[in-house]
Amino acid sequence: MKRISLFTLAFLSISISIFAQKPQKLASNQIYEKIQKLNFLGTALYIAAHPDDENTRLIAYLANHEKARMGYLSLTRGDGGQNLIGPEIRELLGVIRTQELLAARRIDGGQQFFTRANDFGYSKHPDETLEIWNKEKVMSDVVWAIRTFKPDVIINRFNHRTPGSTHGHHTASAMLSVAAFDLVGDKNQFKEQLEFTETWQPKRLFFNTSSWFYSNQAAFEKATKGKLTAFDVGIYYPLKGLSNNELASMASSQHLCQGFGRVTTRGSQNEYVAFLKGDKPKDKNDIFSGINTTWNRVKGGGEIGAILYKIETNFDFVKPFKHLPKLMEAYRMIQQLENTHWRAIKEKQIKEIIEACAGLYLEASADSHSGIPNATTDVNFEVVNRSTIAIELISITSTMDAKTITKELALETNKKVNFKETITLKTTKYSDPYWLRKKASLGMYRVDDQNLIGKPETPRPAKIHFNLRIDQVPIVITKNVVRRYAERDKGEIYEPFEILPKVTTRLQNKVLIFSDDVAKKVLVEVSAGADSIVGNIRLKVPKSWQVSPKEISFNISQKNDKQTVAFFITPPKNRSEGTLRVIATSAGKEYKKELIEINYSHIPKQTVLLGSQAKIVRLNIKSVGNKIGYIKGAGDAVPESLRQIGYKVTLLNPLEINGDNLQKYDAIVLGIRAYNVVKELKFKQKYLLAYVAKGGNLVVQYNTNRGVDVAAPFSLQLSRDRVTDEFAEVRILDEKHPVLNYPNKITPNDFKNWVQERGLYFPDSWSKEYTPILSMNDKGESKKNGSLLIAKYGKGNYIYTGLSFFRELPAGVSGAYKLFANLLSLGKQGAE
Ligand SMILES: [Zn+2]
């Protein structure tokens, strides 16, 4: 008999899985849902371009209501965006967004896949996107994802027929998906993949449409009336105590670095998919129509289904362990399946159910969060059988050294067994994100191992096989080695166990700017990955640069301890730029990596290895004025960049701004999106304008145009105009303007080597007091003249600029420094 009242007592999956690192311990309702999923043999794949593109309502619906195996293929990891929660950008942001996607999937019940495509930033047209990506390779990865995941149904987020109407990556994702649909089943396409997988033909392809893709709701209804498959994605799940859309909002709220935290929603709501290709469903409202999604789908599956459907119907929520004998019987039959695809999937699913029904707790927790190749590490084991079923622990096998340690322990009900073993980390590889191991291009990450392509993260290298006998049946349950400990103010913490280098080094600044030929001191922090590490550090610089001393020795006695060494770098007399590399040598081996840890509470701790290096730039730059007041907006590294070229930058607390304390600054600069995020600014505007009127320089960097008033002294209309092509020609409109002449002469050459884009959210109309200085545009678009506007106001200058200084300065772009120095020097000609 099912005891419905217990549902409400059951612990919710959601509250557990938010602590991403912690092992999932399933309550009865969750075990029951896992059994429902075990008994559904249908698969759907959702395809789009970025983290946050995915429709979590539809993914959650198909995974939880339909019980389908559900995947999301995001072509990129979202490396090109901005980070609202910390300083990580580019590949490190991609690491965070990868984990945010995984966190979202833990909630909505999907799996996550990627291609090697690099999110190089905003792209207005899929033609441009597919030129910068390697189209053939991304196509190969889409085909690979389909052939390995083997979906019955594919759903595109975007419309493949409307290039130019959204981000080029979006349309490209749909175009590639549509094209891949016709290639995946052909054994002559991407033949090299067939060494590892088979061809696969999905049954049908849909487009997840909505009124967003039409001019308005009425147009949507008119165009699509009766033609679409509709789902009520607001459906309520009593087993969870949640509506599907609540679940979906919780999932998409994991995209915190994109500011996607949001309130949950409830109530009936429709999602629509439009049929594009393949076998048209007979039952319009069932995307799996005509596809056998029962156990009979697999040869030999019928008898397995006979056992498992019975368990589903008669599930005992109070004593789930009662089902173990039958589950073990089904497990043995699953192991015999000829179909290796379904065998692997169902084996994994049923093992999880068996483990949960037995209340079996298996843990392998290392003494430390990392080890180095070929060293040993101590691992603490905990094994508890919390059921009355006979379970024996026969042995354990470490995947790192393939060593099996015999145990032969009968696990008595609820008697905890603890033991400690030493394992050898036999490997030559580190556990860092695999796609960052080789140098990437603008459009592509480089991954040569076909079996890694598509995986969301590097498979954990250190695992333990627990070789058990449950109710007489041998079964192997595998667990990752973790690091478990407690912090008094945080509680219990689980972290992944990492394999890391013996020595890592870190340069404090990733870009070193020399505005003259004076030597600069450069500090290198050396970290030990094990006890008693000795060695030498040296720096490699381009020809014409000098470094002293040649080499510095270090000696670190304890693991994770650090030592800092100092070098002096002298730049050449003239303009030059290159790369500074740190090389550590220990016991005859070279170590060239920096270790970066990313630690946020909504995702597991991440450990990334990047080349230990910095860009070094010798500028020919002049500046007038030195004291800069900086009001931080959404966060940018412009203040650090200005300090590097000798400015004294004071971060101003907006609350403390008044009529008196601004006068001492040679210029006041507002960080990116300051008016969007600093609410107090609106009340301080009068002081800022008074400062300008008395002769000051106010530099306002870009704000987004959504509901914001930048309160400029003369009218200015923000727009969404942007120039995303960093190579777009920059035309000078007012050659004589001081900003292009003093103290540095700015020429078109200074717009070479910019990164990612020219600028964004340019004003598109302004009053006559402003002088537009530059003109630029993306290919095929009208001229955009609002990137840099300057107006005289009283005795001073008001400057509004959407140029991407926040990207260019930290990247060490020499022309951007010269232009910014000129902005800060405006009006000071003759005052030297
Ligand atoms: Zn997107």
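Annotations
- For region 561-580, taking the residues that are modelled with pLDDT of 95 or more and assigned to a loop (DSSP other than H, G, I, E, B), the one that is surrounded by the fewest Cβ atoms within 10 Å (Cβ to Cβ) is identified as Asp561.
- The number of residues in region 374-404 that are closer than 14 Å to Val481 by Cβ and not hydroxyl-bearing (Ser, Thr, Tyr) comes to 10.
- Of all the listed residues (Val649, Val677), the sole one being within 28 Å of the chain's Cα centre (by Cα) and without any contact (Cβ under 8 Å) to a residue 60 or more places away in the chain is Val677.
- Pair list, Cβ < 6 Å and 6+ apart or interchain, from region 35-53 residues that are touching a residue at least 24 places away in the same chain (Cβ under 8 Å) and basic (Lys, Arg) to residues that are more than 8 Å from the ligand (Cβ to nearest atom) and assigned to a loop (DSSP other than H, G, I, E, B): Lys37/Lys67
- Residues that are in contact with a Leu (Cβ under 7 Å, 6 or more places away or on another chain) and closer than 29 Å to Arg161 by Cα do occur in region 232-250, at least one of them.
- Looking across region 595-615, just one residue is farther than 17 Å from Val541 by Cβ, assigned to a strand (DSSP E or B) and charged (D, E, K, R), and that is Glu597.
- Residue match in region 630-644 (condition: part of a loop (DSSP other than H, G, I, E, B) and among the aliphatic types (A, V, I, L, M)): yes
- For region 562-601, the set of residues classified as out of contact with any Pro (no Cβ under 8 Å at 6 or more places or on another chain) and among the small types (Gly, Ala, Ser) consists of Ala566, Ala584, Ser586, Ala587, Gly588, Ser601, listed by residue number.
- The combined condition, being within 25 Å of Val153 (Cα to Cα), modelled with pLDDT under 95 and β-branched (Val, Ile, Thr), is not fulfilled by Thr265.
- Residue count for region 415-433, restricted to those that are farther than 24 Å from Gln111 by Cβ and either within 17 Å of the chain's Cα centre (by Cα) or surrounded by 12 or more Cβ atoms within 10 Å (Cβ to Cβ) (or both): 12
- Among residues of region 632-649, those that are more than 8 Å from Gly671 (Cβ to Cβ) and charged (D, E, K, R), counted: 3
- Per this entry, Gly371 is counted among residues that are surrounded by 17 or more Cβ atoms within 10 Å (Cβ to Cβ), in contact (Cβ under 8 Å) with a residue 24 or more places away in the chain, touching a Leu at 6+ places or on another chain (Cβ under 7 Å) and at negative phi.
- Thr171 being among the polar types (S, T, N, Q), within 13 Å of the ligand (Cβ to nearest atom) and touching a Pro at 6+ places or on another chain (Cβ under 8 Å): yes
- Tally, over region 760-769, of residues that are surrounded by 23 or more Cβ atoms within 10 Å (Cβ to Cβ) and either under 21 Å from Ala667 (Cβ atoms) or touching a helix residue (DSSP H, G or I) at 6+ places or on another chain (Cβ under 9 Å) (or both): 1
- The condition of being among the polar types (S, T, N, Q), within 23 Å of Lys426 (Cα to Cα) and more than 30 Å from the chain's Cα centre (by Cα) holds for only one of Ser527, Ser532, that being Ser532.
- Qualifying strands (runs of 3 or more DSSP E) (wholly inside region 21-127; at least 1 residues being closer than 24 Å to Thr607 by Cα and away from the ligand (no atom under 16 Å from the Cβ)): 111-114
- Filter result (of a type outside the set (Val, Ile, Thr), at pLDDT 95 or above and within 18 Å of Glu100 (Cα to Cα)) within region 586-603: Glu597
- Subset of region 106-121 that is among the charged types (D, E, K, R) and over 13 Å from the mean Cα position of the chain (by Cα) - its residue that is farthest from Ala248 (Cα to Cα): Arg116
- Odd one out for Asn270 among (1) surrounded by 14 or more Cβ atoms within 10 Å (Cβ to Cβ); (2) of a type in the set (S, T, N, Q); (3) modelled with pLDDT under 95: (1)
- Any hit, region 187-207, residues being out of contact with any Phe, Trp or Tyr (no Cβ under 7 Å at 6 or more places or on another chain) and within 16 Å of the ligand (Cβ to nearest atom): yes
- For region 174-186, a residue qualifies if it is within 16 Å of the ligand (Cβ to nearest atom) and surrounded by fewer than 24 Cβ atoms within 10 Å (Cβ to Cβ), and exactly one does: Met175.
- Just so you know, in region 151-164 the residues that are more than 13 Å from the ligand (Cβ to nearest atom) and assigned to a loop (DSSP other than H, G, I, E, B) include one that is surrounded by the fewest Cβ atoms within 10 Å (Cβ to Cβ), and it is Gly164.
- Subset of region 801-832 [part of a helix (DSSP H, G or I) and among the basic types (Lys, Arg)]: Arg807, Lys818
- Pair list, Cβ under 8 Å, 6 or more apart: region 385-410 residue touching a residue at least 60 places away in the same chain (Cβ under 8 Å) and under 22 Å from Ser370 (Cα atoms), other residue part of a loop (DSSP other than H, G, I, E, B) and of a type in the set (S, T, N, Q): Met400/Thr427
- Any chance Val723 is β-branched (Val, Ile, Thr) and in contact with a Lys or Arg (Cβ under 9 Å, 6 or more places away or on another chain): yes
- Of the candidates Leu360, Leu436, the single residue that is touching a residue at least 12 places away in the same chain (Cβ under 8 Å), buried (at least 16 other Cβ atoms within 10 Å of the Cβ), within 30 Å of Trp133 (Cβ to Cβ) and among the aliphatic types (A, V, I, L, M) is Leu436.
- Of the residues Ser586, Ser612, Ser601, Ser641, the single one that is without any contact (Cβ under 8 Å) to a residue 40 or more places away in the chain and within 30 Å of Val503 (Cα to Cα) is Ser601.
The values are calculated or read from the model by the stated rules, or taken from the named source; none is laboratory data. Everything quoted here is computed from the prediction, not taken from an experiment. Please note: Cβ atoms are built from the backbone with ideal geometry, for glycine as well, and neighbour counts cover all protein chains shown.
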